[in-house]
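Engineer: Sharing a structure here in structure tokens format.
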Amino acid sequence: MTLNQDKHSAFIPNFLLGTAGGIQYLKLKGASRNPRASQEKCLRAILTYGRDTLYGKEHRFSYILEAKNADELFRRYRQQVKASDYESFRPYVEKMRNGETDVLFQGKPVLYATTSGSTGEPKWIPISSAYLTNIYGKMNKVWLFNFIKNRPKVYSGYIVSIVGKQIEGYTPDGTIYGSVSGFTQKNCPGFVRKLYVSPSEVFNIEDYTARNYVIMRMGIERNTTLVVTANPSTMVEMQKNVNFWFDEYVRDIENGTISDKVDVPEDVRKACAPYLKPNPERAQELRELKARYGEVLPKHYWPNLQLLTTWKCGNTRIYLDKLEGYFPDGMLHQEFAYFSSECRAGLVLDDSIETVLFPHFHYYEFKKADEFDDPDAPFYQLDELVEGEQYCPFVTTFSGLYRYNMNDIVEAASPFGKTPRIHMVQKVNGIVTITGEKLYEGQFINAVNQASESTGLKLNYFTGYANLAESNYDFYFEFADETVSQNQAKEFAELVDSNIKNLNMEYKAKRDSFRLNAPVAHRLQSNSFAQFKEYVLKQTGQDASRFKPNVLSQKDDLHEAIRHFSID
């Protein structure tokens with residue numbers, strides 16, 4: 001079967017998603033017309049859902065719900081529930097993990113999402129049935145429907161979706177924990193599940209090279225029209241896998257096999273078997289592509305690709321340049337939206353980077369970013385955000401997170417209806433300080449990009465770490481030109497340093513007063529990020545889909561890890 005033969009009608013998914021997603025889209029539009037009223041209604045629903053729980057009783061949810069209007073409701077809520085981070089919820093979550101019911105919300109969690117925590121202990125994010133039904137049920141249908149609105153042929157082919165492992169293990173009471181994205185993919189509507197190029201079992205492959213091999217070997221064979229993965233660095237790594245294993249893919253596609261050269265467990269091979277059959281016609285097409293182009297890119301093997309969705313905001317921007325020229329003309333690269341394990345806050349509905357929030361399913365509060373550390377600074381309601389201003393969001397969800405600090409900085413944008421949209425700027429912990437300079441990750445990225453533009457030295461990867469012992473920053477650069485000398489790297493770091501001084505007056509003051517020493521330049525080995533990622537994953541056992549290191553950090557364990565790949 002050739003690629004042109006590997007097509008089908010999009011009528012059924014378009015009709016079914018247009019109906020189910022269209023209904024929820026209209027409800028989202030309605031809720032967005034009056035955000036204050038929607039937020040009051042939502043907060044009352046969440047507090048009612050948690051009123052008879054341990055947390056609800058301790059924090060007087062019944063008293064809060066007696067409020068006569070929105071202003072009083074919001075005021076009572078702030079009085080009774082202190083804004084906090086995950087550690088204040090950990091004791092409650094531990095009770096739930098050990099089998100107690102009605103702790104943060106009614107009943108028990110359906111599953112837990114795990115993600116890294118500030119203390120070194122992982123965060124266990126409980127997912128309630130209400131959250132799963134509303135956010136990962138109803139609003140996921142809007143997400144899938146919205147793809148059709150932007151690209152009507154998006155379901156005329158197949159889907160490559162790269163998610164985390166659905167089940168990583170079980171809590172003491174037997175509840176599963178793992179990837180929410182993996183869970184929802186496996187439990188998505190059957191007519192969508194049929195479009196995936198590979199079974200969910202592929203995400204159980206422990207070896208990431210083998211996992212990427214199987215995903216791309218199966219994806220390259222098919223007429224893929226939609227690619228879904230949160231981090232754009234994943235696509236960079238996938239293409240590296242293609243470059244290395246392309247000829248092996250072709251042999252596998254010709255024979256209907258998965259190579260024995262990659263470590264794929266037998267149970268996964270068995271799950272993949274129904275998806276595989278000899279396809280010599282497609283194998284010949286791929287051979288011809290390689291003969292014609294040398295490096296075979298997505299625009300060659302997926303010429304009908306309609307839509308790619310990844311993050312495009314925050315520190316993921318450094319990978320977007322690497323994707324330039326990869327994809328076919330006319331494909332939409334859509335922002336994945338403001339989304340985390342704790343809260344799927346909304347969706348991006350167009351070709352912008354702005355997330356449309358769910359005012360009927362989350363209650364949002366905000367502090368101004370420059371007042372984040374001020375305990376007396378006011379909180380702002382969703383309808384009070386000012387376009388162009390930066391804020392730190394706090395969320396209340398149907399999954400038992402109340403006034404939860406997301407530790408993010410977002411920027412308010414033009415409204416959807418009358419509800420402000422937002423986009424991610426950076427993590428709050430992307431603000432690093434050694435001696436009071438408060439260097440922002442975004443400032444560091446801009447300074448490096450400016451240096452690259454002015455010198456013509458292109459970078460495959462870069463990162464920076466605060467070195468508190470030496471009172472300086474260590475800058476690590478992987479130059480595209482491997483002949484760049486250490487002296488050139490030092491001069492490049494000096495230019496970055498100068499650019500940061502222009503961007504951050506406190507940094508300049510600390511440098512000029514010798515309280516902050518000059519940054520130290522380090523050159524990195526080729527393919528350093530992939531090696532760094534593999535090293536950290538092996539050390540920590542963390543899932544690859546959750547590996548999101550800051551470009552600027554002061555985490556000593558990650559700093560020690562990146563040192564392994566320095567050539568100086």
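Engineer: Whether any residue in region 52-70 is in contact (Cβ under 8 Å) with a residue 24 or more places away in the chain, surrounded by fewer than 16 Cβ atoms within 10 Å (Cβ to Cβ) and within 33 Å of the chain's Cα centre (by Cα) is what I want to check.
Structural biologist: Looking for residues that are in contact (Cβ under 8 Å) with a residue 24 or more places away in the chain, surrounded by fewer than 16 Cβ atoms within 10 Å (Cβ to Cβ) and within 33 Å of the chain's Cα centre (by Cα), one finds none in region 52-70, hence no.
Engineer: Please count how many residues of region 278-315 are in a loop (DSSP other than H, G, I, E, B), without any contact (Cβ under 8 Å) to a residue 40 or more places away in the chain and open to solvent by 80 Å² or more (accessible area, probe 1.4 Å). Steps first, answer last, please.
Structural biologist: Step one: filter region 278-315 for residues in a loop (DSSP other than H, G, I, E, B), giving 278-279, 294-297, 302-306, 311-313.
Of the ones still in play, those that are also without any contact (Cβ under 8 Å) to a residue 40 or more places away in the chain are 278, 294.
Among the residues that remain, those that are also open to solvent by 80 Å² or more (accessible area, probe 1.4 Å) are: 278.
Total satisfying the criteria: 1.
Engineer: Can you confirm whether region 81-88 contains a residue that is touching a helix residue (DSSP H, G or I) at 6+ places or on another chain (Cβ under 9 Å), crowded, with 20+ Cβ neighbours inside 10 Å, outside any strand (DSSP E or B) and among the hydroxyl-bearing types (Ser, Thr, Tyr)?
Structural biologist: Yes, some residue in region 81-88 is touching a helix residue (DSSP H, G or I) at 6+ places or on another chain (Cβ under 9 Å), crowded, with 20+ Cβ neighbours inside 10 Å, outside any strand (DSSP E or B) and among the hydroxyl-bearing types (Ser, Thr, Tyr).
Engineer: Which one of the conditions (1) buried (at least 19 other Cβ atoms within 10 Å of the Cβ); (2) in a loop (DSSP other than H, G, I, E, B) does residue 350 fail to meet, given that it meets all the rest?
Structural biologist: (1)
Engineer: Filter region 552-568 for residues that are acidic (Asp, Glu) and part of a helix (DSSP H, G or I); which is farthest from residue 429 (Cα to Cα)? Steps first, answer last, please.
Structural biologist: Our first condition is that a residue be acidic (Asp, Glu); within region 552-568, this holds for 556-557, 560, 568.
Subsequent filtering for residues that are part of a helix (DSSP H, G or I) retains 556-557, 560.
Working: 556: 14, 557: 15, 560: 18 Å.
By that ranking, first place goes to 560.
Engineer: Spot the failing condition for residue 170; the list is (1) surrounded by fewer than 20 Cβ atoms within 10 Å (Cβ to Cβ); (2) within 18 Å of the chain's Cα centre (by Cα), and only one is missed.
Structural biologist: It is condition (2) that residue 170 fails.
Engineer: Right, next: State all residues of region 89-105 that are more than 19 Å from residue 176 (Cβ to Cβ) and outside any helix (DSSP H, G or I); if no residue qualifies, say none.
Structural biologist: Selection gives 89, 102.
Engineer: Could I ask something else about it? So how many residues does region 1-46 have that are in a helix (DSSP H, G or I), of a type in the set (S, T, N, Q) and within 30 Å of residue 276 (Cβ to Cβ)? If you could, list the steps in order and put the result at the bottom.
Structural biologist: Filtering region 1-46 for residues in a helix (DSSP H, G or I) gives 11-32, 35-46.
After this cut, where a residue has to be of a type in the set (S, T, N, Q) as well, the list is 14, 19, 24, 32, 38-39.
Now drop any that are not within 30 Å of residue 276 (Cβ to Cβ), which leaves 14.
Of the residues in that region, 1 qualify.
Engineer: Restricting attention to region 251-273, and to residues there that are in a helix (DSSP H, G or I), free of Cβ contacts under 8 Å to residues at least 40 places away in the same chain and out of contact with any Asp or Glu (no Cβ under 7 Å at 6 or more places or on another chain), which single residue is surrounded by the most Cβ atoms within 10 Å (Cβ to Cβ)?
Structural biologist: The extreme case among them is 252.
The rows are residues; the columns are (1) part of a strand (DSSP E or B); (2) touching a residue at least 60 places away in the same chain (Cβ under 8 Å); (3) surrounded by fewer than 21 Cβ atoms within 10 Å (Cβ to Cβ).
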position: 166; (1), (2), (3): no, no, no
position: 181; (1), (2), (3): no, yes, no
position: 185; (1), (2), (3): no, no, no
position: 192; (1), (2), (3): no, yes, yes
position: 201; (1), (2), (3): no, yes, yes
position: 217; (1), (2), (3): no, no, no
position: 246; (1), (2), (3): no, no, yes
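Engineer: Shifting gears a bit: Could you grab the pairs with beta carbons closer than 6 Å, sequence gap of 6+ or different chains, first residue in region 371-396 and free of Cβ contacts under 8 Å to residues at least 24 places away in the same chain, second one among the aromatic types (Phe, Trp, Tyr)?
Structural biologist: Close Cβ pairs (under 6 Å, with a partner that is among the aromatic types (Phe, Trp, Tyr)) amount to 380/366.
Engineer: Next question. Looking at region 131-145, is at least one residue outside any helix (DSSP H, G or I) and either modelled with pLDDT of 95 or more or among the hydrophobic types (A, V, I, L, M, F, W, C) (or both)?
Structural biologist: Of the residues in region 131-145, the ones outside any helix (DSSP H, G or I) are none.
Taking every residue of region 131-145 in turn, none turns out to be outside any helix (DSSP H, G or I) and either modelled with pLDDT of 95 or more or among the hydrophobic types (A, V, I, L, M, F, W, C) (or both).
The values are calculated or read from the model by the stated rules, or taken from the named source; none is laboratory data. Predicted, not measured: the structure shown is a model, and the values here were computed from it. Cβ: placed from backbone, ideal geometry, glycine included. Neighbour counts: every protein chain shown. Heavy atoms of the whole protein, side chains included, go into the accessibility calculation; ligands, DNA and RNA do not. Shrake-Rupley method; radii C 1.70, N 1.55, O 1.52, S 1.80 Å.
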